[in-house]
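Engineer: Just passing along the structure, written as C-alpha cells.
A short reminder: the numbers here are calculations on the coordinates, not readings from a lab. Source: prediction; values computed, not measured. So basically every Cβ, Gly included, is an ideal-geometry build from the backbone, and we count neighbours across all protein chains shown.
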Amino acid sequence: MNAPLDASMNAPMNAPRIAPARPRRAPTRPCLAAALAAAALASACSMLSPPAAPAAPADRAPATPPAWQSPSASGSSLADQSWRTFFAYGDLPALIDEALRANRDLRIAAERIELARAQYGLARSALVPTIAADASATAQRGPTPLDPNRNRSGESYSAGLAMPTWEIDLWGRIRSQVDAARLNVEATEAQRRAAEVSLVASVAGSWLELLEIDQQLAVSRRTRDSRRDSLRLIRLRFQAGVVSMVDVTQAETSLAQADQAIADLERRRSLGESALSLLLGRNPGPIARTQGLREMPVPTVLPAGLPSDLLRRRPDIIAAERSMAATEADVDAARKAFLPSISLSGFLGVVSPQLSQLLGADRAAWSVTPGVTLPIFTGGRLESNLDATAARQRIAIEDYGRTVQGALRDVEDALAGFQRRREQREALERIVASSQERLRLVDLRYLNGISSYFEVLDSQRVLFDAELQLAQATAATYGSVIQLYRALGGGWDPAAVAAGR
C-alpha cells in the first residue's frame, strides 16, 4: 500500500511553505462559567430595573403648633429636669430607684433590646461569606466515563476550607435589610426609654394616690371621733329628757357612715399598696410613708417648652420615627429583590482517591463556582412581598402621625388639668373653711336649743365631703404635674443616652 503523501510534496519547489496552524486551546470551565455569568448579568441589567417604590402619604407628621393653647411658663421645659431632681420629695426617689432596678416590665423591655441587637447581628453577617472546615468521604459504584457499559467501584476523600453559597450584595439589598435591623434596634431602645418614663410616672402616681388615701383616712377618722363624741353627748341629753330618740338614731347613722367610709378607704389603701409593690418588683405588702400630702408644695405655673421639642424628646415618638424609617429600608430591599442575585461558592483543600494519599504534595485542589439567579416567574411572591412591605410602611407612617398628635394632646390635657384643678383646689379650701365655721355656729345653736340636730348632721356631712374632695383635688393637682412631666418626655436624659451612658 502506498502511504498518503503530504500535500507539501505536491507543491512547486519554489512555492513558499505554509506552516501548519497551531490548535487553539479550549477555554477552561471556570473561565467559561465566569464569562457566561457576566454575559447573563449584563443582559439582565440592560433589560430589568427594580419597580418604583409605592407612593407614601405626603403628610407623614402633623404640623406642630407654635405654642401651647393652655397657659404655661416660657423658657425651659419641665422635662429638662431629671426625675431625681423633679421627684425629690420624701420616700419617692428611693421608690423610683428601686422600681428602675427591679421592675419586671422594664427588664423585659431591656431583653427586647438584646433580641433586636442579635437580629441585627444576624442580618449583618450576610454581608460577609461563611468559611467552614469541610471533610468528606465518598464511596460509590457505577459506570465510568471511559467505560459506560461497565460499573466500577471507587472512593474519594477531601478535606479543606469550604465557602457555602454566598450572595454578593451588588445592588445593596442586603445592606437595606441591615439598615432596617439597625433601625429596629434604635426603635426598641426608644421603646425601653418610653417604658422607663411610664414607670417613673406610674410609681409617682401610685405613691401620690396612697398619700391622698392617707389624708382622706385622717379626715374620716377625725370625723368618726367627732361623731362618736356627739353620739355620747346626745345619749346623755336623751337620758336627761332634753332630746328625743330621733336625734340618737341620727347620730348613730352618722357614726356608721364614717365607719363605712374608713373601711372603704382602708380597702383602697391595701389595693394601692399592692399595685405599687408590683411596680417596685416586690410581693404585695405595705409601703412605708413618712410624709403627707399637706406638706407637698403646689407649683403656680409649669414650664412646658415648645411643642416642637416633643419630636426630639418623647421616646415613643422617637421609637415610631425609627420604626417608620425601618419600613422604608424594608421597601427598598423588597424592590431590589427583583434584580438578579449573584452568588459565589468555593473550596480550597486536598482531594484524593485514597485516604492514605490525602496529604500528599500533589493532592491540592480548589474550586470556584459563581452563579447568577434571575427571577422570571415566582408566582407573585416578589410582588406580594413588595405590597406587604409598602403596607407596613404606610401603617408606620400613620402610627407616627398618631403618636405625635397623641403627645400634643397629652401635654394640652396636662396643662389644662393643672390649671383647672389648682383653681378647684383653691375653691375647696374656701369651702372647707366656711364649712368649719358653719359647723361651729350650728353646734352652738343646737346646744342652746335654737337649731335641730338635723342642721348639725347636715353641717357635718358638708364639711366631711368638702375635706375629702379637698384631699382628692390636691392629689389631682399633683397628678397633673406628674402627667405633664410624663407627657413632655421627662424621666430620661437624651444627652446621656447619646453619650452611651
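Engineer: Length gain on complete extension for the stretch residue 240 to residue 141, per 0.36 nm per residue less the alpha carbon to alpha carbon distance?
Structural biologist: Details: separation 99, 0.36 × 99 = 35.64 nm, distance 12.42 nm.
This chain segment gains 23.2 nm when fully extended.
Engineer: Sort the following peptides by mean Cβ neighbour count (other Cβ atoms within 10 Å, averaged over residues), highest first: 226-234, 182-190, 143-151.
Structural biologist: Numbers: 226-234: 16.9, 182-190: 21.2, 143-151: 8.7.
Ranking the peptides 226-234, 182-190, 143-151 by packing returns 182-190, 226-234, 143-151.
Engineer: For the range 340-477, divide the Cα radius of gyration by the Kirkwood radius and give the resulting Rg/Rh value with two decimals. Could the numbers behind the result be given before it?
Structural biologist: Details: Rg = 42.1 Å, Rh = 24.4 Å.
Answer for the range 340-477: 1.72.
Engineer: Calculated FRET efficiency, residue 155 and residue 344, Cβ-Cβ r, R0 22 Å, to nearest 0.05? Don't jump to the answer; show the numbers that get you there.
Structural biologist: Values: r = 29 Å, r/R0 = 1.32.
Computed FRET efficiency for residue 155 and residue 344: 0.15.
Engineer: Quick one: check the C-alpha center-to-center distance for the range 232-279 versus the range 318-374, whole angstrom.
Structural biologist: 80 Å
Engineer: I've got another one for you. Quick query: amide H of residue 168 versus all other amide H atoms, modeled in the peptide plane; which residues come in under 5 Å with a sequence gap of 5 or more or a different chain?
Structural biologist: Under 5 Å from the amide H of residue 168: 342, 343, 344.
Engineer: Also, I was wondering about something else. Test of understanding: what is the full-extension gain from residue 218 to residue 111, defined as 0.36 nm times their sequence separation minus their Cα-Cα distance?
Structural biologist: Separation in residues times 0.36 nm, less the Cα-Cα distance, equals 34.2 nm.
Engineer: Using only the Cα atoms of the range 313-388, each taken as one equal point scatterer with no solvent, compute I(q) by the Debye sum, divide by I(0), and report log10 of the ratio at q = 0.15, 0.24 Å⁻¹.
Structural biologist: -0.73, -1.06
Engineer: Peptides 371-378, 469-476: what's the order by average Cβ count within 10 Å, highest mean first? Before the final figure, lay out the partial values.
Structural biologist: Numbers: 371-378: 11.8, 469-476: 20.9.
Ranking, from highest mean packing down: 469-476, 371-378.
Engineer: List the residues whose amide H sits under 5 Å from the amide H of residue 358, counting only those 5 or more places along or on another chain, with H placed 1.01 Å from N in the peptide plane.
Structural biologist: Counting only residues 5 or more places away or on other chains, the set is empty.
Engineer: Starting from the 7 Å offset along Cα-to-Cβ, what nm value, one decimal, do you get for the label separation of residue 102 and residue 67?
Structural biologist: 4.7 nm
Engineer: Next up: Compute from the Cα atoms of the range 423-477 the Rg and the Dmax, the latter being the longest Cα-Cα distance, and quote both in angstrom.
Structural biologist: Here Rg and the maximum Cα pair distance are 12.8, 42 Å.
Engineer: Please give the length that would be gained between residue 429 and residue 355 if that part of the chain were fully extended, namely 0.36 nm times their separation in residues minus their C-alpha to C-alpha distance (nm, one decimal). Working shown, then result.
Structural biologist: Working: separation 74, 0.36 × 74 = 26.64 nm, distance 9.82 nm.
Contour length minus the Cα-Cα distance gives 16.8 nm.
Engineer: Per-residue counts of other Cβ atoms within 10 Å, averaged by peptide: what ranking do you get for 95-105, 279-289, highest first? Intermediate results must be reported in sequence, preceding the final value.
Structural biologist: Details: 95-105: 16.8, 279-289: 14.5.
Taking the mean over residues of other Cβ atoms within 10 Å, the ranking is 95-105, 279-289.
Engineer: Now a separate question. Using a cut-off of 11 Å between beta-carbons, work out the net charge of the residues near residue 96 (Lys and Arg +1, Asp and Glu -1, residue 96 not included). Can you show the working numbers first?
Structural biologist: Numbers: positive: 84, 101; negative: 91, 97, 98, 196.
Overall, the nearby charge balance is -2.
Engineer: Under a point spin-label approximation (7 Å from Cα along Cα-to-Cβ), what is the residue 130-residue 278 distance to one decimal in nm?
Structural biologist: For the pair residue 130/residue 278, the computed spacing is 4.4 nm.
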